[in-house]
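Read the structure below first, then the notes.
The values are calculated or read from the model by the stated rules, or taken from the named source; none is laboratory data. Owing to the predicted nature of the structure, the values given are computational and were not obtained by experimental measurement. Here the Cβ positions follow ideal geometry from the backbone for every residue, glycine too, while neighbour counts run over all protein chains shown.
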Amino acid sequence: MSRRLTVGAAVAALTLTVVPAYAASQGSAAPRSAPAATPTRFTSPPAVPGTGSPTPPSGTTPTGTATATTPPAPKPYVPPADAAGAVTATAVKITPEGAFAVRSDPTGKQPLDATWPDASTLFTAKELAQVLPGLTAIRAHDCSTSQITGGKSSAHSTRCTLDLTIKGEPRDNQSKLLVNIRGFGLPMPIGQSWATTDAEQRQRSVKRPGLYTFYKNGSLGAAAAQTDGTTTRALLQQGTVAGQVWFSGIGFAHLKPDYLASRQDYRQRVVPALVQLLAAKLAADTSAG
């Protein structure tokens, strides 16, 4: 068994089922606009006796102008019940250096991707140093955007490789985080996409017992989260905004005296802290939605 995870394996885990970020959260195809409603023709009824003026038709104000219709408030998404053996993780609390000021369109027609975080700055050096004390720098590269509604590219990078400079690590075995922002939007469509992914991962976990860790819903501030030890998937939700963020950890072979202990430390200590950080950065934007 190889003692070193390859970048290629993690890239495959992150991109095997990758589809355009916003489309991924909406299903295999971009959402179709509902057909325009047929305008209702109002006719003036007979004058009310004794008033000399007709009664305003239903659906209009006394001045005859149509009343505005407010879209119903988006419903929150409730994740599937906890997987068998799901754990309540404890994590090092990382103080966020900023917040995700994400917005969602109440109609669900616009991705509002200009408000999404950029994959290159999803994690900052000050944040990661709180769980990786030897970290001194982050270098983002191989960043790319995703196709969103209307065939356009997302306003910011949704995928990036983050090279981490950690004291004591050899340069030829530098730790990396491969970040994949799957998309943000209204809770229900994002959640439906999550449910599909979650079901797939649960099936795989049966064939590979001991590989996966499923966290209890809400235990890290995230609506749901899971990891296979390399790739971690988090479902974030705050108010009328939800999103999926995935990340893979490559390297992290020098956190402890030996490789296996180092990888275990990454999985049991670093991963929960990063999931909790992502949830906190969305929750920190109190005006989200």
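Cβ-Cβ contacts under 6 Å between residues 6 or more apart (or on different chains), taken from a first residue in region 173-196 that is under 13 Å from Ser104 (Cβ atoms) to a second residue that is β-branched (Val, Ile, Thr) and outside any helix (DSSP H, G or I), are listed as Phe184/Val102.
Within region 125-141, the set of residues being touching a Cys at 6+ places or on another chain (Cβ under 8 Å) and either over 29 Å from Thr95 (Cβ atoms) or surrounded by 15 or more Cβ atoms within 10 Å (Cβ to Cβ) (or both) comprises Ala140 only. Gly229 passes every criterion in (1) surrounded by 20 or more Cβ atoms within 10 Å (Cβ to Cβ); (2) over 18 Å from the mean Cα position of the chain (by Cα); (3) closer than 23 Å to Thr158 by Cα apart from (1). Restricting Ala280, Ala273 to residues that are under 25 Å from Gly168 (Cβ atoms), surrounded by fewer than 24 Cβ atoms within 10 Å (Cβ to Cβ) and modelled with pLDDT of 95 or more narrows the list to Ala273. Scanning region 239-253 for residues that are closer than 17 Å to Leu162 by Cβ, surrounded by fewer than 22 Cβ atoms within 10 Å (Cβ to Cβ) and not aromatic (Phe, Trp, Tyr) yields a count of 1. If you scan region 77-100, which residues turn out to be assigned to a loop (DSSP other than H, G, I, E, B), within 22 Å of Gln201 (Cβ to Cβ) and not aromatic (Phe, Trp, Tyr)? If the condition is that a residue be assigned to a loop (DSSP other than H, G, I, E, B), within 22 Å of Gln201 (Cβ to Cβ) and not aromatic (Phe, Trp, Tyr), then Val78, Pro79, Pro80, Ala81, Asp82, Ala83, Ala84, Gly85, Ala86, Thr88, Ala89, Ala91 are the ones that fit. Within region 93-104, residues that are under 15 Å from Leu132 (Cα atoms) reach partners that are among the basic types (Lys, Arg) and buried (at least 20 other Cβ atoms within 10 Å of the Cβ) with beta carbons closer than 6 Å, at six or more positions or on different chains, in the pairs Pro96/Lys281.
Is it the case, given these coordinates, that Arg139 is of a type outside the set (Asp, Glu), out of contact with any Gly (no Cβ under 9 Å at 6 or more places or on another chain) and in a helix (DSSP H, G or I)? The answer is no for Arg139.
Just checking, which of Gly218, Gly210 is surrounded by fewer than 17 Cβ atoms within 10 Å (Cβ to Cβ), on the phi > 0 side of the Ramachandran plot and at pLDDT 95 or above? Criteria check complete, one pass: Gly218.
Taking region 153-172 only, how many residues are under 13 Å from Leu128 (Cβ atoms) and touching a Lys or Arg at 6+ places or on another chain (Cβ under 8 Å)? Total satisfying the criteria: 4. When restricted to residues that are surrounded by fewer than 24 Cβ atoms within 10 Å (Cβ to Cβ) and aliphatic (A, V, I, L, M), region 172-188 contains 3. Screening Arg233, Arg267 for residues that are part of a strand (DSSP E or B) and among the basic types (Lys, Arg) leaves exactly one candidate, Arg233. In region 185-198, the count of residues that are touching a helix residue (DSSP H, G or I) at 6+ places or on another chain (Cβ under 9 Å), under 30 Å from Glu169 (Cα atoms) and in a strand (DSSP E or B) is zero.
The set of residues in region 145-167 being more than 14 Å from Pro111 (Cα to Cα) and hydrophobic (A, V, I, L, M, F, W, C) consists of Cys160, Leu162, Leu164, Ile166. The single condition among (1) more than 30 Å from Pro133 (Cβ to Cβ); (2) at pLDDT below 95 that Gly229 does not meet is (1).
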